[in-house]
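Derivation of every value follows stated rules applied to the coordinates shown; laboratory data play no part. What you are looking at is a predicted structure, and each value in this text was computed from that prediction instead of being measured. Glycine also receives a Cβ, built like all others from the backbone with ideal geometry; neighbour counts cover every protein chain displayed.
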Amino acid sequence: MDQPRKILIQMSGCPGSGKSTMANLLGQSINGVVIDHDLIRSFFLDNDVFFEQAARLAYRFQWVLAEDMIKRERNVIIDSTCNYDETLNKGILLARKYGFNYRYVECRVHDIELLDRRLRNRIPLRSQRIGVSLPPTDANDVRHNEESQTLFKRWIEEPCRPDRDAIVVDSSTEPEQCLEYILMQIGPSIGVQASNSATSNSRHHDQN
């Protein structure tokens, strides 16, 4: 019997789609390390780094942390937006470099009003939006090229998604239901079982 391999999971989805909730649930379920991009970026902002520079540094630092955890043979979940091919490819190549399983997990919510309610009701970190049309306070001086509603529609309708190893969940449903579905997809390869409550009739799909 093959020895289960470790896994690198790359989260994706709009702000408010439940990425962090799902990342933390996955971390608990597979004994994985969650690398929280917003926590890192907020740290830099709290130390008087300008918003755009804080974003660049946070992305660079998250990959340093991810590679260090992989070297320590830990399962890794990267909790950050994945809106560009460069970010996506970094995760794929890092997993391949160390022989890790790779999965892209996309949290999808089609209802922009629901996303807005979630953003307004959460306690945000300094780097996070506080509404669909309310960017982080520190981003007020940053030039925005797209109107917020248009930006969210583009994120929803044109996700940056790999051709394979992608799991897409309808995260307008209960987080536990999404978690069970994800574990059904990744569990056999890493030696983790989903509970019997997960069924193939849930509103999710994967791309092999």
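The residue that is surrounded by the most Cβ atoms within 10 Å (Cβ to Cβ), counting only those in region 43-95 that are farther than 18 Å from Met11 by Cα and in contact with a Pro (Cβ under 9 Å, 6 or more places away or on another chain), is Leu45.
What about Ser20, is it polar (S, T, N, Q), touching a residue at least 60 places away in the same chain (Cβ under 8 Å) and within 19 Å of Pro159 (Cα to Cα)? It would help to see each step written out before you state the result.
Numbers: polar (S, T, N, Q): yes; touching a residue at least 60 places away in the same chain (Cβ under 8 Å): no; within 19 Å of Pro159 (Cα to Cα): yes.
It is false that Ser20 is polar (S, T, N, Q), touching a residue at least 60 places away in the same chain (Cβ under 8 Å) and within 19 Å of Pro159 (Cα to Cα).
Only one of Ser42, Ser29, Ser20, Ser12 is closer than 15 Å to Lys90 by Cα and hydroxyl-bearing (Ser, Thr, Tyr); which? Going through Ser42, Ser29, Ser20, Ser12 in turn, just one is closer than 15 Å to Lys90 by Cα and hydroxyl-bearing (Ser, Thr, Tyr): Ser12.
Assess whether Glu180 counts as being closer than 28 Å to Ile30 by Cβ and either assigned to a loop (DSSP other than H, G, I, E, B) or touching a helix residue (DSSP H, G or I) at 6+ places or on another chain (Cβ under 8 Å) (or both). Explain how you work it out, then say what you get.
Values: closer than 28 Å to Ile30 by Cβ: yes; either assigned to a loop (DSSP other than H, G, I, E, B) or touching a helix residue (DSSP H, G or I) at 6+ places or on another chain (Cβ under 8 Å) (or both): no.
In short, no.
Report the residue count in region 46-86 for those that are β-branched (Val, Ile, Thr) and over 22 Å from Val33 (Cβ atoms). Number satisfying all stated conditions: 1. Cβ-Cβ distances below 7 Å connect the following pairs, each with a first residue in region 68-84 that is in a helix (DSSP H, G or I), a second residue that is hydroxyl-bearing (Ser, Thr, Tyr), and a separation of six or more residues or different chains: Ile70/Tyr98.
The single condition among (1) of a type in the set (Lys, Arg); (2) touching a residue at least 24 places away in the same chain (Cβ under 8 Å); (3) in a helix (DSSP H, G or I) that Arg164 does not meet is (3).
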